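Reading through the structure tokens given below for one structure.
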Amino acid sequence: MAFRRICGFILLGIAPPCIGAPQQAPQLSPSGLAEASLEELMNIEVTSVSKKAQRLSSTAASVFVITAEDIRRSGLELPEVLRLAPGVQVARVEAGRWAVAIRGFNNDFSNKLMVLIDGRSVYSDVNPGVMWDMVHVAADDIERIEVIRGPNAAMWGENAVNGVISVITKSAKATQGALITAEGGSETEGRGTARFGGELGSNGFYRIGGHYADTAPLVSNGAAVSVHGWNSSSVDFRMDWNPTAQDSVQVSGQGYHSVLGHDVTAPTASNPFSSVMDDQERSFSGNLMARWQHDISEQSSVEWRISWDHMDYGDANVPQRATTVDAEFQNHISLNDRNDLIWGLEYKNASAEMTPTLDFKVLPSHSDRELGAIFAQDEITLIPDKLRFVVGVRTSYETAARLQVQPTGRLLWTPRTNLTTWAAVSRAVHTPSVLDRNLFTTLAAIPLQSSSFALLTLASNPDARPESALSYEAGQRIQVSPALSFDLSAFYTVHQHLLGEESLAPYFVPASGIDLAHLVLPEIQTNARYGASEGYELSASWSVAPRWKLAAGSDWLRIHTHDYPGMTATDTVTDGGTSPRYQYELRSTLDLTRKVELDAAVYYVSALPEEKVPSHFRLDVRLGWRLTQQLELSAGVKDALDPQHPEMYSQRLSGLEGIQRNFYGKLTWRF
Amino acid sequence: MLSLSTLRCPAEANVNPLEYRVKAAFLFNFLKFIEWPAATGDSPWVIGILGGDPFGGALEETVRGKLVNGRAIQVRRYAKSADVKECNILFIDHAEYERLGTPSQQGLLTVGEASGFLQSGGIVNFYLEDNRVHFEIRAAAAHSAGLRISAQLLKLGRVQ
């Protein structure tokens, strides 16, 4: 009975996009639906996205949901499509690499953002961060992307310090039949996907799909930085099976291959002090996941999940092979009318082997890490339908981070169904990754005046401790009318033990053997800084007319950090230099006719002066034409205003590469 | 990490209640937009379910207390095709139509939700597109069963 209360839909009067004049959307109870017209029935989204309204109104966190329709009409793939969520910074660094972060501290190795695909983590414990060149989910397979800003470690685990991005794929039942897409463009040179879904016996569905994509290399002053761009291909499948009415099983997997080209500038200890190699990195990965959900009763359900992940990453600097096995158990119990409890256990085993290269060594080169965790969250109803208190904690023991406790307390106040106020206090930690502790590298060779040179080296502190953050957040959601809604959230986060590069005293090395005498400028990666970050995110949604919808967003961020006494930290990540102070966006989706769509989006990202990245206006325009029930054409331009522009300095390439304007055309065929 | 959202909704895993609530509403609407061959006085309309019931009570709730052309609506369940009689609309769950077959009777509107349903003799078939429930109609089959489908319904469905 309690489940029905939670899962029943509380109407917030949000009119679905293509429906008739701003009327009340139909009540979704059976008797309410019986009153709905045929057209209205045909416009109701029946998968869990329609629960979005209820979820958002009763979630004590800063959440933004990117729907499948948002994805389709933006023409963007992961991770570019994350630009739609205010508060997320997406910067393309290379042809196949992105720096993505929420609430700051962005770079190639953005380490405070957890990313999940159907519950499976794609965050690497080695680098750290998410290797976006190894992440692929076909845009048409995505049901929705939940962007949860702020620490949610109690439910999502370590490294969810500033947020979680949860990508949820469509069920196999929702992707039946065949789908073929083909896309070509000036920057996306070619991309093709094929997918087929069918039934499995009487209670199951499956889908199998593949993709192939070729992306042009980035440019520097108009010239391509490398002969090669980025090529990726994959095969993936998903199977859903309901053996009984209380059980549902999901099995999914993927095999993935990527070739990323670039110029690598490698420092050497003799003239000319650096050599440039045109290199191609070949990587492949495979993953498998199985999930079983069982409803014990109306009040209780359990879920088991196990996943296996193997990656062979041909990075030019730190090639690595990593295998991760992760198993999780979760139980959801509605204890009584007042308590909704979720608790669970997790075990993870991650092993990685790093291959040394000329300038990068990892000692020890083999790493084995284990994690055991228990988490629990109770949602307590203080005043039914009006006031709820959520308390949660995650206690974990991990090889590197040792014992960590990450609690959270949240309050949700809903004085009226169209008004929600929430506040939260949470603690989260970032576990030092393998490279955070074990890396030794020569970053650059700098020629000096006296025909000598200096070597800039970086070593990691093997005893680096986890970073910790304590975040105070609050938010307000207002449903002004069925067509207009606002969502505002603000935060103040105190950071301790931020990992950054600290400069130590230079020393002189006399000549020996073939090596010339030189100066060494040592840097050490250690817990160098502390400080705070604060900001807000605002999003608004307005159904102007039955066929025209506008969405707007803005976010503002300030990071102020200080060196620990006695340290001189030099990196621009922890001092906020890689995070834009503010971003704005305005998106419009317009149905010109029943078959033609015109979509446009404008984004503004403020400058990163320390990185020499100027501020940037981005304009995307897309025209979609549904020729027949089965055939759809779309064409458009991404980044219409600038022939090329940079977004972020690449740490590993020591350079700033430009992303080109992209004129593209795409064909989608379903049958 | 598990969980699909910060607010979990466990019961949605297998049978999506909203999908079947919408389909139940469609079945109720079909009564309004289709003309049956012989009016049978005051006896109630019958919506039947052949084989497994995926509605979980939603169908009963949808039709409770409603009248179409002055007649009430009843929901019945049948285990076999041969049991089906005096039924106006028969819904066959996607898992069952292959096993139980699709009966063809005068005045019987058969409704399914599987990709081969129309080919195997069904008249109306539900399918999901863009997360929304749509339906397709085999006009010839409707005609042979003596049913007249209103232009409004034909306009909204995909007609084969």
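The values are calculated or read from the model by the stated rules, or taken from the named source; none is laboratory data. Only a predicted model underlies this, so the values are computations on that prediction, with no experimental measurement involved. Neighbour counts are summed over all protein chains in view; Cβ atoms, including those assigned to glycine, are modelled from backbone coordinates with ideal geometry.
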Search segment A:481-498 for residues being at pLDDT below 90 and in a strand (DSSP E or B), and hand back the single one that is farthest from A:I446 (Cα to Cα). A:S481
When you scan segment A:283-367 for strands (runs of 3 or more DSSP E) that lie fully inside it, which ones turn up with 2 or more residues that are among the aliphatic types (A, V, I, L, M)? A:300-313, A:320-334, A:339-354
Segment A:147-162: number of residues that are part of a loop (DSSP other than H, G, I, E, B) and either away from every other protein chain (no Cβ under 14 Å) or not polar (S, T, N, Q) (or both): 7
Let me confirm something: among A:S202, A:S233, A:S248, which residue is surrounded by fewer than 21 Cβ atoms within 10 Å (Cβ to Cβ) and over 25 Å from A:M134 (Cβ atoms)? A:S202
Return the residues of segment A:61-86 that are under 16 Å from the mean Cα position of the chain (by Cα), in a loop (DSSP other than H, G, I, E, B) and closer than 23 Å to A:P217 by Cβ; say none if nothing qualifies. A:L76, A:E77, A:L78, A:P79
When residues of segment A:502-556 are filtered for being over 28 Å from A:Y472 (Cβ atoms) and either over 27 Å from the mean Cα position of the chain (by Cα) or surrounded by fewer than 21 Cβ atoms within 10 Å (Cβ to Cβ) (or both), how many remain? 31
Top-ranked residue of segment B:73-94 - restricted to ones that are in contact with an Asp or Glu (Cβ under 9 Å, 6 or more places away or on another chain) and of a type in the set (A, V, I, L, M, F, W, C), ranked as farthest from the other protein chains (Cβ to nearest Cβ): B:F91
Restricting to segment A:378-421, what's the tally of residues that are among the hydroxyl-bearing types (S, T, Y) and surrounded by 20 or more Cβ atoms within 10 Å (Cβ to Cβ)? 3
Which pairs have Cβ atoms under 8 Å, sit 6 or more apart or on different chains, and link a residue in segment B:149-160 that is within 11 Å of chain A (Cβ to nearest Cβ) and in contact (Cβ under 8 Å) with a residue 60 or more places away in the chain to one that is acidic (D, E) and in a helix (DSSP H, G or I)? none
State yes or no: is A:V63 surrounded by 24 or more Cβ atoms within 10 Å (Cβ to Cβ), at pLDDT 85 or above, touching a helix residue (DSSP H, G or I) at 6+ places or on another chain (Cβ under 7 Å) and within 27 Å of A:F486 (Cα to Cα)? yes
Out of (1) surrounded by fewer than 20 Cβ atoms within 10 Å (Cβ to Cβ); (2) more than 30 Å from A:T441 (Cα to Cα); (3) not aromatic (F, W, Y), the odd one out for A:T357 is which? (2)
For segment A:319-334, name all the residues that are more than 12 Å from A:F375 (Cβ to Cβ) and not β-branched (V, I, T). A:P319, A:Q320, A:R321, A:A322, A:D326, A:A327, A:H332, A:S334
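Quick grid of which residues meet (1) modelled with pLDDT under 95; (2) not hydrophobic (A, V, I, L, M, F, W, C):
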| site | (1), (2) |
| --- | --- |
| A:R587 | no, yes |
| A:L608 | yes, no |
| A:V613 | yes, no |
| A:E632 | yes, yes |
| A:S654 | yes, yes |
Can you tell me which residue within segment A:477-501, out of those that are of a type in the set (S, T, N, Q) and surrounded by 15 or more Cβ atoms within 10 Å (Cβ to Cβ), is farthest from A:P432 (Cα to Cα)? A:Q479
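Anything in segment A:557-586 that is of a type in the set (K, R) and surrounded by fewer than 16 Cβ atoms within 10 Å (Cβ to Cβ)? List them, or say none.
Once the filter is applied, which keeps residues that are of a type in the set (K, R) and surrounded by fewer than 16 Cβ atoms within 10 Å (Cβ to Cβ), segment A:557-586 yields only A:R558.
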Given the conditions (1) more than 10 Å from every other protein chain (Cβ to nearest Cβ); (2) part of a strand (DSSP E or B); (3) not hydrophobic (A, V, I, L, M, F, W, C), and given that A:R144 satisfies all but one, which numbered condition is not satisfied? (1)
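Which one of A:R626, A:R622 is closer than 30 Å to A:R207 by Cβ, touching a strand residue (DSSP E or B) at 6+ places or on another chain (Cβ under 7 Å) and either within 14 Å of chain B (Cβ to nearest Cβ) or surrounded by fewer than 16 Cβ atoms within 10 Å (Cβ to Cβ) (or both)?
After applying the criteria, what remains is A:R626.
Among the listed residues A:S512, A:S543, A:S615, identify the single one that is closer than 26 Å to A:A91 by Cβ and of a type in the set (S, T, N, Q).
On inspection, the qualifying residue turns out to be A:S615.
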Report yes if some residue within segment A:431-445 is in contact with a helix residue (DSSP H, G or I) (Cβ under 7 Å, 6 or more places away or on another chain), over 28 Å from A:Q404 (Cβ atoms) and either modelled with pLDDT of 85 or more or not hydrophobic (A, V, I, L, M, F, W, C) (or both); otherwise report no. no
Among the residues listed as B:R138, B:R132, the single one being in contact with a strand residue (DSSP E or B) (Cβ under 9 Å, 6 or more places away or on another chain), free of Cβ contacts under 8 Å to residues at least 60 places away in the same chain and at the interface with chain A (Cβ under 10 Å from one of its Cβ atoms): B:R132
For segment A:187-221, name all the residues that are under 26 Å from the mean Cα position of the chain (by Cα) and outside any strand (DSSP E or B). A:E187, A:A216, A:P217, A:L218
